[in-house]
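**Q** Got a structure for you, questions after.
The values are calculated or read from the model by the stated rules, or taken from the named source; none is laboratory data. What you see is a predicted model; the values in this text were computed from it and never measured. Glycine gets a Cβ as well: all are built from the backbone with ideal geometry, and neighbour counts include every protein chain shown. Protein only, heavy atoms only, side chains kept; ligands, DNA and RNA dropped before computing areas. Shrake-Rupley method; radii C 1.70, N 1.55, O 1.52, S 1.80 Å.
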Amino acid sequence: MLKKIRVASVSYLNARPLIYGVQDYSPLQDKMILVEDYPSKLVKMLEDDEVDVGLVSVAAIPKLKDPHIISNYVIAAEGDVASVCLFSEVPLDEITTVLLDYQSRTSINLCKILMKFLWKKDVEFILTTGEFVDQIKGTTAGVIIGDRALVQLNNFKYIYDLAREWRKLTGKPFLFAAWIANKPLPEEFVQIFNEANSHWEKYLDQIVTEKPFPAYDLKYYFTHNINYDLTQDMKDALQMFLDYSKEIDFI
Ligand SMILES: C=C(O[C@@H]1C=C(C(=O)O)C=C[C@H]1O)C(=O)O
């Protein structure tokens, strides 16, 4: 029997449309096993070869020996992303310290890029190791991602949407995560896998019904904040992100 491909995905709501497609597509089912976790864990799993491919932070790319983006379906934002923000009690000018979400790899580096090249501020960055919302106080701000960020959207006076700020810097959308493999995968698998992902739109209403989320309108999130179809503009933005990454203390 052929070895099953080990597939990993972000456990957040934003990945659900792609994952429903993957789980529902029968030609894939005997070819893979799926595990889910938060993004920084997935980057580690890909680095350690515990999985073959993951819907994972694009910040994993420089860390892998042989990275391959294997699908045209991604987690990106053309405009506001809503679920990746810098939360603060004080305006940007007054922030001295930024707590960085331990679950993230792309967005925490994005915040460092924006600090240096858009906001032109020198602050202290602290990488957290566990939940830290309670520590966002006074001049200490924090980057939070995923469902945990959506829940905080009414709780802070100053909220900077990092996809919106990236557009101010570059005029581009932002690519947060892609299906990244740590080795070449069989062409037949890649084709079937891409096909499975392409059905994401069909699952939106079902997900909204199955996963009640009072904090934010999920249908709006899936259709106005997150973009799933990879474009040339997003590929260009990824290259810009990787170039900027060399100019910061990259995590
Ligand atoms: C838009 C998001 O994109 C995520 C952000 C990631 C990161 O910062 O490393 C990784 C995967 C994506 O799920 C989000 O989770 O809110």
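**Q** Net charge within 13 Å of residue 96 by Cβ-Cβ distance, Lys/Arg positive one each and Asp/Glu negative one each, not counting residue 96 itself? Could you put the intermediate results ahead of the total?
**A** Details: positive: 121, 137; negative: 89, 93, 94, 122, 124.
Charge balance near residue 96 sits at -3.
**Q** Go through the stretch 145-158 residue by residue and turn each phi into a ³J(HN,Hα) via Karplus (6.51, -1.76, 1.60, θ = phi - 60°); whole Hz please, and just put x for glycine and proline.
**A** 10, x, 4, 5, 6, 4, 5, 8, 5, 9, 9, 10, 6, 10
**Q** Averaging the inverse of every distinct alpha carbon separation and then flipping it gives the Kirkwood radius. What is it for the stretch 27-149, in angstrom units? Don't jump to the answer; show the numbers that get you there.
**A** On the way: mean 1/r = 0.0623 Å⁻¹.
When all Cα pairs of the stretch 27-149 are included, the Kirkwood radius is 16.1 Å.
**Q** With the contact rule set at Cα under 8 Å and sequence spacing of 6 or more, what percent relative contact order holds for the stretch 68-188?
**A** This gives 48 percent for the stretch 68-188.
**Q** Right, another one. Within the stretch 1-104, report the trypsin sites (Lys or Arg not before Pro) that DSSP leaves as loop and that have at most 14 other Cβ atoms within 10 Å.
**A** 3, 4, 65
**Q** Among the trypsin sites (Lys or Arg not before Pro) within the stretch 154-251, which fall in a DSSP loop and have no more than 16 other Cβ atoms within 10 Å of their own Cβ? Mind dumping the intermediate values first?
**A** Working: sites: 157, 164, 167, 168, 202, 219, 235, 246; in loops: 157, 246.
Taking the stretch 154-251 and a limit of 16 other Cβ atoms within 10 Å, the loop trypsin sites (Lys or Arg not before Pro) found are 157, 246.
**Q** Which of 131, 210, 165 moves the most in a Gaussian network model of the chain with Cα springs under 10 Å?
**A** Top of the fluctuation ranking is 210.
**Q** Can I ask one more? Per residue of the stretch 129-139, in order, report the coupling 6.51 cos²θ - 1.76 cosθ + 1.60 (Karplus, θ = phi - 60°) as ³J(HN,Hα) in whole Hz, putting x for Gly and Pro.
**A** Result, rounded to whole Hz: 10, x, 4, 9, 3, 4, 8, 7, 7, x, 8.
**Q** Continuing with this model, one more query. If you build a Gaussian network model of the chain, linking Cα atoms that sit under 10 Å apart, which residue out of 209, 139, 106 swings the most?
**A** Most flexible of the set in this elastic network: 209.
**Q** Through the Karplus equation 6.51 cos²θ - 1.76 cosθ + 1.60, θ set to phi - 60°, convert the phi angles of the stretch 233-248 into ³J(HN,Hα) values in whole Hz; use x for Gly and Pro.
**A** 4, 5, 5, 4, 5, 4, 4, 5, 4, 5, 5, 4, 4, 6, 9, 10
**Q** I would also like to ask the following. Any chance you could tell me what percent of the C-alpha pair distances in the stretch 84-170 go past 19 Å?
**A** Working: 1030 of 3741 pairs.
Of all Cα-Cα pairs in the stretch 84-170, 28 percent lie more than 19 Å apart.
**Q** Next question, about the same structure. Counting only protein heavy atoms and using a 1.4 Å probe, what share of the accessible area of the chain belongs to carbon plus sulfur, as a whole percent?
**A** On the way: 5510 of 11190 Å².
Carbon with sulfur: 49 percent of the solvent-accessible area.
**Q** How charged is the neighbourhood of residue 82? Take every other residue with its Cβ under 10 Å from the Cβ of residue 82, and add Lys/Arg as +1 and Asp/Glu as -1. Intermediate results must be reported in sequence, preceding the final value.
**A** Numbers: positive: 164; negative: 80, 161, 217.
Taking every other residue near residue 82 into account, the sum is -2.
**Q** Find which of 180, 241, 190 sits farthest along the positive direction of the dipole of the stretch 129-251, computed with +1 on the beta-carbon of Lys and Arg, -1 on that of Asp and Glu, about the Cα centre.
**A** Toward the positive end, the furthest listed residue is 241.
**Q** Right, here's the next one. For the charge dipole of the stretch 84-170, defined by +1 on Lys and Arg C-beta atoms and -1 on Asp and Glu C-beta atoms about the Cα centroid, which residue among 127, 169, 113 has the Cα displaced farthest towards the positive pole?
**A** 169
**Q** Give the long-range amide H neighbours of residue 126: residues separated by 5 or more places, or on another chain, with amide H under 5 Å away, using H modelled in the peptide plane at 1.01 Å from N.
**A** 98, 99, 100
**Q** Could you pull the accessible area for residue 26 with a 1.4 Å probe, rounded to 10 Å²?
**A** Using a 1.4 Å probe on the heavy atoms, I get roughly 90 Å².
**Q** Nothing charged except the Cβ atoms of Lys and Arg (+1) and of Asp and Glu (-1): what's the magnitude of the dipole of the stretch 59-185 about its Cα centre? Round to the nearest 20 debye. Don't skip to the answer; put the middle values down first.
**A** Numbers: 15 positive and 14 negative charges, 104 e Å.
Around 500 debye, computed over the stretch 59-185.
**Q** What is the extension gain from residue 151 to residue 121, computed as 0.36 nm multiplied by their sequence separation minus the C-alpha to C-alpha distance, in nm to one decimal?
**A** Numbers: separation 30, 0.36 × 30 = 10.80 nm, distance 2.74 nm.
Stretched out fully, the residue 151 to residue 121 stretch lengthens by 8.1 nm.
**Q** Please give the per residue accessible area of the chain, computed with a probe of 1.4 Å over protein heavy atoms only, in Å².
**A** Values: 11190 Å² over 251 residues.
With the other protein chains kept in place, the chain gives 45 Å² per residue.
**Q** In degrees, nearest 10, range 0 to 90: what is the angle between the Cα axis of helix 187-197 and the longest Cα principal axis of the chain?
**A** With both axes taken from Cα atoms, the answer is about 60 degrees.
**Q** Once you charge only the Cβ atoms, +1 for Lys and Arg and -1 for Asp and Glu, what is the size of the charge dipole of the stretch 1-82 about its Cα centre, to the nearest 20 debye? Spell out each step's value before the answer.
**A** Values: 9 positive and 12 negative charges, 35 e Å.
Approximately 160 debye in magnitude.
**Q** Another one. With charges set only on the Cβ (+1 for Lys and Arg, -1 for Asp and Glu), what does the dipole of the chain come to about its Cα centre, in debye to the nearest 20? All intermediate terms of the calculation are to be shown ahead of the outcome.
**A** Values: 27 positive and 36 negative charges, 51 e Å.
I would put it at about 240 debye.
**Q** Heavy-atom accessible area of residue 36 with all protein chains present, probe 1.4 Å, nearest 10 Å²?
**A** Probe radius 1.4 Å; accessible area of residue 36 about 80 Å².
**Q** Quick one: which residues, 5 or more positions from residue 71 or on another chain, have an amide H under 5 Å from its amide H? H modelled 1.01 Å from N in the peptide plane, none for Pro or chain starts.
**A** Residues meeting the amide H criterion: 179.
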